[in-house]
Amino acid sequence: MKCENCTKKECSKKQKNDDTQSTSVEPSNDGFEEKNEFYTLANAKILLSDCLACDNCMTSEEGARVFQQNQKELFHILNLNKKCDTSKHKVVAVSICPQSLPYFAAKFNLSVNDAAKRLCGFLKSLGVHYVFDTNIAADFSILESQREFVQRYQRRNQEEHALPMFASACPGWIRYAERVLTNLVTSHICTAKSPQQIMGSLVKGYFARQHNLSPDKIFHVIVAPCYDKKLEALREDFYTALYNSQEVDCVLTSGEIVQIMEQKNMSLKDVTAVAVDSLFDEKKEGDIVRHEGKRSDGYLEHIFKHAAKELFGMDVKEITYKALKNKDFQEVTLEKDGETVLRFAAAYGFRNIQNMVLKLKKGKFFYHFVEVLACPGGCLNGKGQTQTEDGKPDKALLNQMEEVYAAVPVRLPETNTHIQRMYQDWLEGVDSKKVQETLHTKYSTVNETASNLDIKW
């Protein structure tokens with residue numbers, strides 16, 4: 001069976017169903033009892049953005065490891081912590097993506113701040129030790145992406161693949177680029193790690209050092225809006241051989257967290273609010289903030305404004321988007337002295353991505369930067385939180401999520417004082433070798449395969 005969006009001529013897609021791919025929680029001493037099956041990882045229609053069972057794109061070993069990332073694995077660790085053998089105890093840390101919080105807020109009719117604190121309270125009631133907000137990791141990712149774009153722009157006449165630069169935060173897009181497209185495309189991808197993987201470095205690196213913990217003694221869970229994050233966590237470049245430890249041990253979607261609540265007959269409204277933890281000392285986080293961008297971390301807006309200032313000395317306050325073929329492909333331009341000096345685009349969903357790649361290969365692609373996201377509508381519309389039981393998009397819920405997300409105040413990464421301190425104290429300077437090793441990675445074609453660019457999308 002061929003994946004609906006796959007450009008490969010031969011794609012033996014496995015048909016997933018409730019019987020063969022279900023993951024359930026075993027009864028345990030903590031009173032957490034199974035009442036029904038947990039969510040099947042892809043019981044809805046399989047799209048390329050959650051293409052986690054394609055024989056051509058994923059090995060059987062990867063498949064097994066992806067399906068191990070479920071609620072059962074989390075409770076396995078939590079139950080080990082209750083046993084007498086302290087050698088098997090681990091510090092459990094959960095990091096929550098900014099685009100997941102609006103889901104909990106909308107679903108339980110809460111503000112984003114209240115949802116964050118109550119979610120923290122719920123997770124700690126299960127036995128989780130620390131709950132973090134991943135905004136600081138997105139700060140690092142955006143700042144590194146800004147610097148890289150300026151450097152690429154300045155080298156554009158000397159390096160063939162300097163521009164355009166594609167955003168690297170979406171694992172669905174990265175997987176597609178590495179497994180289906182050629183080096184012509186992967187060489188254009190920004191090398192900055194995604195917020196998820198930078199958070200992995202922060203928790204297993206900075207936080208572990210602060211608390212005198214070995215990285216393998218921390219079980220790090222990410223709560224994310226989409227399934228592709230599970231596959232991203234398995235990348236070999238995000239593994240520390242010395243400690244036999246992944247930077248992210250388990251990814252659970254927002255929907256999977258809600259299923260735990262449902263099986264415990266709990267609502268987020270019934271949970272005591274607890275302040276979200278900080279990576280710094282014993283302090284607690286204040287109010288939740290976000291980055292610019294209506295449905296994502298706003299790489300386009302942050303990089304556009306930074307580039308306008310650094311390259312052309314122009315302060316851009318507001319950005320005007322121009323929708324082209326559809327609402328998920330929009331462009332932003334900067335003009336100076338009657339000339340267009342910057343041309344950015346946002347391409348969401350694989351139809352737009354495929355059209356973008358087609359133009360690039362034909363030499364008819366004139367954008368300097370593209371914020372590429374696999375999910376139509378962006379990260380808020382991740383398939384791990386906005387689908388109904390029959391696998392269709394929950395448009396009403398998505399609209400509520402957009403409203404509560406828009407109400408969250410914006411904080412520029414440059415204004416985060418913790419970031420500036422960490423560049424010096426942890427990363428040994430902005431331009432250090434450690435910055436490259438910790439905050440960057442490389443993307444390249446994994447298995448070049450002829451692609452059918454004439455496919456009807």
* To do: Scale the Cα Rg of region 348-439 by the rule-of-thumb value 2.2 N^0.38 Å and send over the ratio, two decimals.
  => 1.56
* Asked: Ignoring ligands, DNA and RNA, what percent of the 1.4 Å accessible area of region 78-223 is carbon and sulfur?
  -> 46
* Structure fact -> Amide H neighbours of Thr253 at under 5 Å, excluding residues fewer than 5 places away on the same chain, with H built from the backbone geometry, are Ala224
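What's the local net charge at Asn81, with K and R +1, D and E -1, over the other residues with C-beta under 9 Å away? Kindly include the intermediate steps, with their values, before the conclusion.
Numbers: positive: Lys82, Lys83, Lys88, Lys90; negative: none.
Spelling it out: positives minus negatives among the neighbours equals +4.
Over all directions, average the projected area of the Cα convex hull of region 247-319 and note it in nm². Don't jump to the answer; show the numbers that get you there.
Working: hull surface 34.9 nm².
Across all orientations, region 247-319 yields a mean hull projection of 8.7 nm².
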* **region 187-265: C-alpha pair distances exceeding 21 Å, %** => 35
* When Lys and Arg each count +1 and Asp and Glu each count -1, what net charge do the other residues less than 12 Å away from Arg147, Cβ to Cβ, add up to? -> -4
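Which value, to two decimals, describes the C-alpha radius of gyration of region 271-421 once divided by 2.2 N^0.38 Å? Don't skip to the end; give the middle numbers.
On the way: Rg = 18.3 Å, N = 151, 2.2 N^0.38 = 14.8 Å.
Rg over 2.2 N^0.38 Å, computed on Cα atoms: 1.24.
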* Looking at the square roots a ≥ b ≥ c of the eigenvalues of the Cα gyration tensor of region 68-113, which shape do they give, rounded for a/c under 1.5, prolate if a/b is larger than b/c, or oblate? -> prolate
* Asked: What are the extents of the Cα atoms of region 101-197 along their three principal axes, listed from largest to smallest and rounded to whole Å?
  -> 55, 28, 26
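The values are calculated or read from the model by the stated rules, or taken from the named source; none is laboratory data. Here the structure is a predicted model, which means the values were calculated and not measured. Cβ coordinates were reconstructed from backbone atoms using ideal geometry, including for glycine residues, and neighbour counts include every protein chain displayed. Calculation scope for accessible area: heavy atoms of the full protein, side chains included, ligands and nucleic acids excluded. Shrake-Rupley method; radii C 1.70, N 1.55, O 1.52, S 1.80 Å.
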